[in-house]
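Trainee: Below are the structure tokens for one structure; questions will follow.
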Amino acid sequence: MGFGAGTASSSDGQHFPLDRRAQATWAVNPHKGSEPAISFYTHASDRYVPFHSRVIFAGASEAVHVLDGLLHHGADLAIERHHTDGGVSDHVFALCHFLGFRFAPRIPNVAGRRLHLFADMRPGPDIAPLAAQPIDERLIASHWDDVIRLAVSIRTGVTSASLMLERLGSYPRANGLVLALREIGRVERTVFTLDWIENLEERRRATRELNKAEAQNALKRAIFFHRASRIRDPGLQARGYRASALNLVASAIVLWNTTYLEAAMRHLERQRRPVPPDLLQHLSPLRWQHINLTGDYLWSDISVPKGKLRPLRLRNP
């Protein structure tokens with residue numbers, strides 16, 4: 001059974017406090033507490049499967065890492081739309097557009113956002129209070145080739161999107177490439193914001209995908225030392241292995257639950273009690289109450305031979 005088309009994804013950071021011995025070298029995020037911590041920034045598809053993870057500073061910007069996961073994940077996915085909780089960055093909007101992704105973040109405080117129209121456009125009375133300075137088309141045209149070269153360099157792997165976005169953020173405000181990319185991002189962000197305001201399904205879709213990310217974070221928190229998680233690995237590479245291992249265990253649980261959910265559905269169909277299609281969208285393979293999360297994880301041949309599933313727990317009629 002499938003929980004999505006496999007064309008949408010979301011990403012979110014999950015904070016883990018550091019061991020006392022390693023705290024001095026890492027940042028503190030005031031929104032997440034006073035303890036130094038790191039964050040596992042993970043991309044997951046709409047089928048609940050994590051496909052990319054990176055260890056970042058707790059206080060670092062998450063938005064700059066969006067494209068790294070979309071471009072360099074190595075999974076058999078064709079992502080078209082990506083959701084984040086906030087991180088409404090004009091530069092990310094621009095680069096996602098050039099690289100073929102629909103960036104669809106959840107927009108908090110829409111009334112505080114500003115829309116940027118072209119100079120010859122006149123906003124209606126409903127939009128006029130949100131309109132700010134018009135798009136500088138000349139600036140975009142004069143630096144168009146530079147923007148294209150930047151996008152090609154990122155797409156071909158010559159440089160990473162996160163590295164370039166961090167560098168662009170540190171450039172002087174008068175830098176032409178930075179300003180041109182911002183103008184292009186304003187166009188994309190304005191179009192998306194108007195869709196967000198007008199289209200209820202746009203807001204529901206973002207909430208649905210981000211809820212999956214939150215539920216997956218809850219599962220990982222339960223897996224990682226059963227809610228008492230603290231990172232004790234001394235090096236960045238070891239912490240990266242920790243993040244990958246956490247994704248692996250979470251994916252195994254998703255696979256296990258999906259296999260038995262499908263078996264339960266087939267059993268109900270044979271009993272002439274099929275699950276209505278409108279209820280399938282509310283199923284989730286992220287439950288773990290029936291799984292013993294403590295102990296050692298031994299990886300061998302975990303495939304289940306056909307017809308050898310454990311018997312379902314059936315209710316008496």
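Trainee: Looking only at region 204-225, count every residue that is over 19 Å from Phe3 (Cα atoms) and part of a helix (DSSP H, G or I) and tell me the total.
Mentor: Result for region 204-225: 4.
Trainee: Same structure, new question: Does region 47-56 contain any residue that is more than 13 Å from the chain's Cα centre (by Cα) and more than 15 Å from Met164 (Cα to Cα)?
Mentor: Yes, region 47-56 has at least one match.
Trainee: Also: Would you confirm whether or not region 226-235 contains a residue that is assigned to a helix (DSSP H, G or I) and surrounded by 14 or more Cβ atoms within 10 Å (Cβ to Cβ)?
Mentor: no
Trainee: Here is a follow-up. Mind listing whichever residues of region 48-81 are in a strand (DSSP E or B) and in contact with a Lys or Arg (Cβ under 7 Å, 6 or more places away or on another chain)?
Mentor: Scanning region 48-81 gives Val55, Arg81.
Trainee: From the set of residues in region 258-298 that are assigned to a loop (DSSP other than H, G, I, E, B) and of a type in the set (Ser, Thr, Tyr), which is surrounded by the fewest Cβ atoms within 10 Å (Cβ to Cβ)?
Mentor: Here the answer is Thr294.
Trainee: For region 138-163, what are the residues that are of a type outside the set (Gly, Ala, Ser), free of Cβ contacts under 8 Å to residues at least 24 places away in the same chain and part of a helix (DSSP H, G or I)?
Mentor: Scanning region 138-163 gives Arg138, Asp145, Arg149, Val152, Leu163.
Trainee: Kindly list the number of the only condition in (1) in a loop (DSSP other than H, G, I, E, B); (2) in contact with a Ser or Thr (Cβ under 9 Å, 6 or more places away or on another chain) that fails for Ala174.
Mentor: (2)
Residues checked against (1) surrounded by 13 or more Cβ atoms within 10 Å (Cβ to Cβ); (2) among the hydroxyl-bearing types (Ser, Thr, Tyr); (3) on the phi < 0 side of the Ramachandran plot; (4) touching an Asp or Glu at 6+ places or on another chain (Cβ under 9 Å):
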| residue | (1), (2), (3), (4) |
| --- | --- |
| Ala111 | no, no, yes, no |
| Pro125 | no, no, yes, no |
| Ala128 | no, no, yes, no |
| Glu137 | yes, no, yes, yes |
| Ala151 | yes, no, yes, no |
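Quick note: the coordinates plus some simple rules give every number you see, no bench work behind them. Values in this document were obtained by computation on a predicted structure and should not be read as measured data. Every residue, glycine among them, receives a Cβ derived from its backbone with ideal geometry; neighbour counts consider all protein chains shown.
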